[in-house]
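The next block holds one structure in the form of structure tokens; read it before the comments.
The values are calculated or read from the model by the stated rules, or taken from the named source; none is laboratory data. Model, not experiment: these values are computed from the prediction. Positions of Cβ are generated from backbone atoms using ideal geometry, with glycine treated the same way; all protein chains shown enter the neighbour counts. For accessibility, only protein heavy atoms count, side chains too; no ligands or nucleic acids. Shrake-Rupley method; radii C 1.70, N 1.55, O 1.52, S 1.80 Å.
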Amino acid sequence: MNKVLLLISLFLSIMAIVFNHSSYDRPFPQDFVQGAYNILKTAEECVIQNKIDDAIETYKIAMMRSHRCGRKGVYQRIKTRLATLWYEMAESDPQKAAKFLCAYSLFSSDFDTTANKIENYLLIKSKGKVANFTYSLVYKNGTRTFWLETPKVAPIFLYKRLDPETELYKYPGNLTYLKSKDLPEEANFSYFYSISIGCPKGTRDFKIEVESLEEKEFEMAIGTNNSNTFFHNTKNPYLIKKGENKFINIDASKRYFVLNSAIIFTQLIGSKKFNLNLIREYKPL
């Protein structure tokens, strides 16, 4: 028995030496080897060339790559760069600074607190000229969220045939918390957009603006953690019409608040062309 234990110990020791040998080391993380962050150079060039929207888009790509690879340090450094850029521009060009502000705030774990601080700073720097702040949540005509995610489609005409109490998180489409009985009667398909806005200390009131480019009407539900008012209001979804921007008011909350999703309901398959913005406004006293 002692010989067997000795042999096992010896084998494990040899394996430890082999797998910890320098030839097995990775001098750099794989995402760095693949040049995942080379686009940061492009982002900086866009800033110099005054291409603010392109710069923000490129920074976001780098941030989401670092997030997927678990590089918290890289993620935080890029986020800090967004902060320094809006701070540097705040006095000379507060309008452009506001764009970096919006990106920085949407990546924050406490959106309301971060946005309040930076918005107040820009209000002072611009002497009240910048009083409306628009945060783009779904853009590029409905193809992407701010966090670069694409919508998840679901054939809800099939789901409506299930038992009314069937919980739909079990099926494709990300319809978490919804049951078959919650689906609107007229729609055949749904498109789910994941939104990541958390406000641990509550939020001031704001508006959700829907800009539709569709010929036909469609319906939308907004998902929050407030089950009494806006929690996936699928029974009475908002009707969205072309050429008529829809403004959805979200009241202030003193409790933990989350804006987690937008769901499009439509009769015909095919994602809808629209843009979704979060708007925070300040009015003179």
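Points to keep in mind about this one:
- Accessible area per residue for the chain is 58 Å², calculated with a 1.4 Å probe on protein heavy atoms, without ligands, DNA or RNA.
- For residue 205, the accessible area of its heavy atoms, probed at 1.4 Å with every protein chain present, is near 80 square angstrom.
- Once all protein chains are placed together, residue 282 keeps about 50 Å² accessible to a 1.4 angstrom probe.
- Taking all protein chains as they are arranged and a probe of 1.4 Å, the heavy atoms of residue 48 leave approximately 140 Å² accessible to solvent.
- Rounded if a/c under 1.5, otherwise prolate or oblate - segment 208-285, Cα gyration tensor axes: oblate
- Between 0 and 90 degrees, the angle of helix 94-106 with respect to the longest Cα principal axis of the chain falls at about 60 degrees.
- Whether segment 39-179 is rounded, prolate or oblate, judged on the alpha carbon gyration tensor where a/c under 1.5 counts as rounded: prolate
- Nearest-20 debye value, the chain charge dipole, Cβ charges on Lys, Arg, Asp, Glu: 520 debye
- Ranking 130, 156, 189 by how far each Cα lies toward the positive end of the dipole of the chain (charges on Cβ) leaves 130 at the top.
- Take every Cα pair under 8 Å whose residues are at least 6 apart in sequence, average their separation, divide by the length of the chain, and the relative contact order is 17 percent.
- Of 152, 117, 283, the residue with the largest accessible area leads and the full order is 283, 117, 152 (1.4 Å probe).
- Stretchable slack from residue 95 to residue 54, in nm (0.36 nm times residue separation minus alpha-carbon distance): 13.2 nm
- Ligands, DNA and RNA left out, the 1.4 Å accessible surface of the chain is 54% carbon and sulfur atoms.
- In percent, rounded to a whole number, the relative contact order of segment 67-205 is 22, using alpha-carbon pairs under 8 Å and six or more apart.
- Of all the options 193, 135, 177, the one that moves most in a Gaussian network model of the chain with Cα springs shorter than 10 angstrom is 177.
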